[in-house]
Amino acid sequence: MSVANAKQTIVNPTIPFSGNIVGGLHPGDIVLIQGTVLCDADRFHMDLACGSSTKPRADIALHFNPRFMSPPCIVCNSLVQECWGREEKLDQMPFKQGSMFEAIILVHEDVFKVAVNGKHMLEYKHRLPVETINTFSISGRVSVCTIAFTPNS
Ligand code: 9QG
């Protein structure tokens, strides 16, 4: 996946990172995240959120949360009016402690599709309107070299 057509690229952000997505997110957009999972990682997560308020906490359309505790899994969820909804859990772990990764979030009309290291991992049906997403955050035991937002074209 290339960052050549990206409308916005963030390089070597300090973690935890949270930033505005210029122009918001739209169906067809691709979010690319390249980084390394720290050796001692228990978990990390990335969020596509609707604003950046901390009090009250902004809604999170997609919370994507790899957990390395056994059994390892990826938890996806949404935060609506400060409440977590039903977790969607994938009992697979494409990320490896101490290893680099490339994650791609594809924004479709009805779902997000997430691929890791070139392999499709999961779909997550929208619970909040895509048009309300304007913030990307990542935190936990991870380092990130590139975040790139590429528009539908
Ligand atoms: O644990 O699960 C996802 O369903 C919660 C975690 C929470 C999320 C949530 O505490 O952690 O992963 O924003 C949070 O509080 C994150 C970091 C039932």
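The values are calculated or read from the model by the stated rules, or taken from the named source; none is laboratory data. Bear in mind that the values here come from a model prediction, so they are computed numbers and not experimental data. Cβ: placed from backbone, ideal geometry, glycine included. Neighbour counts: every protein chain shown. Remember, those area values only see protein heavy atoms, side chains included, never the ligands or the DNA or RNA. Shrake-Rupley method; radii C 1.70, N 1.55, O 1.52, S 1.80 Å.
When residues of segment 5-35 are filtered for being farther than 13 Å from residue 138 by Cβ and in contact with a strand residue (DSSP E or B) (Cβ under 9 Å, 6 or more places away or on another chain), how many remain?
Let us first name the residues in segment 5-35 that are farther than 13 Å from residue 138 by Cβ, namely 5-9, 11, 20, 22-30.
When the remaining residues are screened for being in contact with a strand residue (DSSP E or B) (Cβ under 9 Å, 6 or more places away or on another chain), the result is 5-9, 11, 20, 22-23, 25-30.
The number of residues fulfilling the criteria is 15.
Here are some residues: 71, 27. Which one is without any contact (Cβ under 8 Å) to a residue 60 or more places away in the chain, outside any strand (DSSP E or B) and open to solvent by 10 Å² or more (accessible area, probe 1.4 Å)? Can you show your working first?
Details: 27 fails: without any contact (Cβ under 8 Å) to a residue 60 or more places away in the chain.
That would be 71, the only listed residue that is without any contact (Cβ under 8 Å) to a residue 60 or more places away in the chain, outside any strand (DSSP E or B) and open to solvent by 10 Å² or more (accessible area, probe 1.4 Å).
I'd like to check something: does segment 47-58 contain any residue that is open to solvent by 10 Å² or more (accessible area, probe 1.4 Å), outside any strand (DSSP E or B) and away from the ligand (no atom under 16 Å from the Cβ)?
no
Filter segment 118-153 for residues that are within 16 Å of the ligand (Cβ to nearest atom), among the polar types (S, T, N, Q) and farther than 17 Å from residue 75 by Cβ and give the result.
Answer for segment 118-153, where residues must be within 16 Å of the ligand (Cβ to nearest atom), among the polar types (S, T, N, Q) and farther than 17 Å from residue 75 by Cβ: just 135.
In segment 11-20, which residues are under 18 Å from residue 51 (Cβ atoms) and of a type in the set (A, V, I, L, M, F, W, C)?
The initial filter retains those residues of segment 11-20 that are under 18 Å from residue 51 (Cβ atoms), namely 16-20.
Once the filter is applied, which keeps residues that are under 18 Å from residue 51 (Cβ atoms) and of a type in the set (A, V, I, L, M, F, W, C), segment 11-20 yields only 17.
Do you know which of the residues in segment 77-90 that are near the ligand (Cβ under 8 Å from one of its atoms) and assigned to a strand (DSSP E or B) is nearest to residue 57 (Cα to Cα)?
Residue satisfying both the conditions and the ranking: 79.
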